[in-house]
1. Could you tell me the accessible area of E17 in Å² (1.4 Å probe, neighbours in place), rounded to the nearest ten?
2. So what is the relative contact order of the chain, in percent, for Cα pairs below 8 Å that sit 6 or more residues apart?
3. Excluding A141 itself, what net charge comes from residues whose Cβ is under 15 Å from its Cβ, given Lys and Arg +1 and Asp and Glu -1?
4. Restricting the count to DSSP beta bridges whose residues both fall in the chain, what percent are antiparallel, rounded to a multiple of 5?
5. Given a Förster distance of 25 angstrom, what is the FRET efficiency for F108 paired with A441, based on the Cβ-Cβ distance and rounded to 0.05?
6. Multiply the residue separation of K316 and L449 by 0.36 nm, subtract the distance between their alpha-carbon atoms, and state the gained length in nm to one decimal.
7. Find how many whole Å separate the alpha carbon centroid of the range 147-202 from the alpha carbon centroid of the range 423-463.
8. What angle, in degrees between 0 and 90 and rounded to the nearest 10, separates the Cα long axis of helix 72-93 from the longest principal axis of the Cα atoms of the chain?
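The values are calculated or read from the model by the stated rules, or taken from the named source; none is laboratory data. Owing to the predicted nature of the structure, the values given are computational and were not obtained by experimental measurement. Here Cβ is always computed from backbone atoms with ideal geometry, including for glycine, and neighbour counts include all displayed protein chains. These accessible areas exclude ligands, DNA and RNA; they are computed on the full protein's heavy atoms, side chains included. Shrake-Rupley method; radii C 1.70, N 1.55, O 1.52, S 1.80 Å.
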Amino acid sequence: FKTCPGRVLCKLPCSGEKEVDLAVQSAKAAFKIWSQMSGMERCRVMLEAARIIRDQREEIATMETVNNGKSIFEARVDIDISWQCLEYYAGLAGSLSGEHIQLPGGSFGYTRREPLGVCVGIGAWNYPFQIACWKSGPALACGNAMVFKPSPFTPISVVRLAEIFTEAGVPKGLFNVVQGGAATGQFLCQHPDVAKISFTGSVPTGMKIMEMAAKGIKPVTLELGGKSPLIIFSDSDLENAVKGALMANFLTQGEVCCNGTRVFVERKILDTFTKEVVKRTQKIKIGDPLLEDTRMGALINRPHLNRVQGFIKQAKEQGAEVLCGGDLYVPDDPKLKNGYYMRPCVLGNCKDDMTCVKEEIFGPVMAILPFDTEEEVVERANATKFGLAGGVFTRDIQKAHRVVAALKAGMCFINNYNVSPVELPFGGYKSSGFGRENGRAAIEYYSQLKTVCVEMGDVESVF
């Protein structure tokens, strides 16, 4: 693989209704075999898939960098999280169980945790391989099959994951990949043999998927957008807070749903914090994502780059001040001249009612807003339709826990940001969706409980 900014890497045919049906039927057949295997048998296969990913870390990370445009440094982290996810759920596969309940007269009841069937995963383009593992890990551990549709902007690396599952020994067709856009997704969601849908992406698309799923009474997991608050108190460790703000805004070129893009800074340290953030932002190395020292690669495509630039233009028109960045970046390397690069942007003089503060930009744009009191900043932080994440930087641990308890968000960070270990559930409140990826919580969304009541005496009849 070589970096090919602005050029076509390959072409893949979109899966139509016929191809989607073939994928679902193939997964359905594989499900019959996989669901009858013991948890320990599934565990061993999933551990083998994790081992292959770990052994091929560099190759897959390179593929992901070419696929998405993020730095190789970040892509390696994504691949590590991916194999860790499969290892984690492999460990849970053998421990899944129901419970026994004693009833009067020697009777008893018990519950069985059973798989759903064929699950659909629909991924986003910012973490293509990692999202596929986040969805397939718990699905397969519970005994399900999965048909996965990656974003049409990043179709490559998930195909490699399907090959790895096959190499590891899953039944043929257990993890199938279909390619395409909205039409392919619609065929998947409306297929009568699909039992569940898990989607990561935008709020408008999530709403459409929910509508389609409702017609088939299908459970859904929705991991949608965000406009998360990051609150910096004056008593925080300034160096750590600055690093946290950079992590909360500029990972994967800012194309991260849980990014803390509304940075609320206590007025006492506003000038000092802003000056340091701007200085550090200007030092971020942009360029060829396959070079070891690059920390910011290219945005996903030209329309998205234009959209992000439009938000910055509108921000200036509404009174925000561009403190640094925001302009297009053309690397010195001639082979990168057609890449979708921009300099990371910090906006000052922001107000809560500005579009750049209210709407998800999904690019490397940080908005800094001053605040004076804890009560005030919590109210402003929650004044959004989103509720995916939130962060607090302070040395006062009581204040930290008090504030995160008040934040209406599914993922909260104290003195760090964008740390998502697979052991912890990930998901949002409000328009940011519902259901959870990762942790033991995900098991609830990829399985169903059956209750069995056993009578040890005669039936007590009222007739």
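1. Spelled out: E17, probe radius 1.4 Å, area about 120 Å².
2. On the way: 1013 pairs, mean separation 89.1, N = 463.
19 percent.
3. Working: positive: R42, R44, R113, K135, K196, R436, R440; negative: E41, E48, E87, E114, E423, E437, E444.
Residues near A141 contribute 0 overall.
4. Details: 18 of 55 bridges.
The antiparallel proportion sits near 35 percent.
5. Values: r = 28 Å, r/R0 = 1.12.
That gives a FRET efficiency of 0.35.
6. Stretched out fully, the K316 to L449 stretch lengthens by 42.5 nm.
7. Cα centroid to Cα centroid, the span is 25 Å.
8. Helix 72-93 and the main axis of the chain meet at about 20 degrees.
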